[in-house]
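*Asks:* Take this structure, written in structure tokens, and hold onto it; I'll ask about it next.
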């Protein structure tokens, strides 16, 4: 009976110590995340009162080791940075799906951030193949000749006349004007940057951003820098069968409304909304799983290390959790 009582008491004490250790571990993790999100990451490295926390900024691994209550445990937490461009829909203000299903993969599900990425216009200008200064201008991919007299070549290296599909050289194109219309364009390896307002996509447009190599940063498909701009992805044409296909990131400092089309994402905007098209239905098809290479940091938004990203737990691994044995 004494032996049973001893074993029962020891088992209870071990259970209590396990619970204490768990609380100590969870508290240490929470405190570490708070320190990292409210100050320099170096504040995380602590060794006191039986608790050791170390952060590896290269691997983004947080190690928490607790040696207390006659117990010893260590866990490794993956705190890889989660950015706007890792999400199909990302905003710091508004994401309104209006009840429509997006079929976005769970890994790329929508998320709010406390800030928006900063557009580095100097990067786009320095690497542009053409800069277009026209207002009230149209680009039509079906026309063999331009329908306007574009004086577009500024700081870029491209041609001055860029009115149709054939003239639109691969690379970055910057459009500084307002009231611009694009229809029936079929562009591969392109990034279109708009600094004006009232940009319209009509009929059917197929815009493809360059596919990044290996682990290199990606290039966006569309960039709208004007916070007052309002852009719609909505097909037009007979029987409403036409739709835009945009593969690559879409960024807007203003509002983007999604009604119909095939989009790879990610879509980053101050205000993002899914709405019904002409037939009172939303027909946006997200192809995020078919274009995973666009879900990475984008060029033209400064370096990823320029920002202090909120740290969160991605994956965790228990390296050890055991009872300590002391010599009598």
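Any read-out appearing in this document is the output of simple, stated calculations on the displayed coordinates, not a laboratory observation. All values reported here derive from a predicted model rather than from experimental measurement. Here the Cβ positions follow ideal geometry from the backbone for every residue, glycine too, while neighbour counts run over all protein chains shown.
*Asks:* Among 255-262, 288-295, 114-121, how do they line up from the highest to the lowest mean number of other beta-carbon atoms within 10 Å?
*Replies:* Sorting 255-262, 288-295, 114-121 by mean packing, highest first, produces 255-262, 288-295, 114-121.
*Asks:* Antiparallel versus total DSSP beta bridges in region 84-306: what percent is that, nearest 5?
*Replies:* Here the antiparallel bridges make up roughly 0 percent for region 84-306.
*Asks:* Among 124-132, 272-280, what's the highest-first ranking by average C-beta atoms within 10 angstrom per residue?
*Replies:* Output ranking for 124-132, 272-280: 124-132, 272-280.
*Asks:* Can you work out the PRE-style zone for residue 241? Point 7 Å along Cα to Cβ, and I want the residues of region 204-229 with backbone N under 19 Å.
*Replies:* 204-206
*Asks:* Compute the separation of the alpha-carbon centres of region 187-264 and region 65-128 and state it in Å as a whole number.
*Replies:* Using only Cα atoms to place each centre, the spacing works out to 21 Å.
*Asks:* Suppose the Debye formula is applied to equal point scatterers at every Cα of region 84-306; what is log10 I(q)/I(0) at q = 0.09, 0.10, 0.11 Å⁻¹?
*Replies:* -0.32, -0.40, -0.49
*Asks:* Using a 10 Å cut-off around each Cβ, can you sort 207, 51, 172, 19 from fewest to most neighbouring Cβ atoms?
*Replies:* In order of increasing Cβ crowding within 10 Å: 19, 51, 207, 172.
*Asks:* Stretched out fully, how many nm does the piece from residue 19 to residue 228 gain, at 0.36 nm a residue minus the Cα gap?
*Replies:* Separation in residues times 0.36 nm, less the Cα-Cα distance, equals 69.8 nm.
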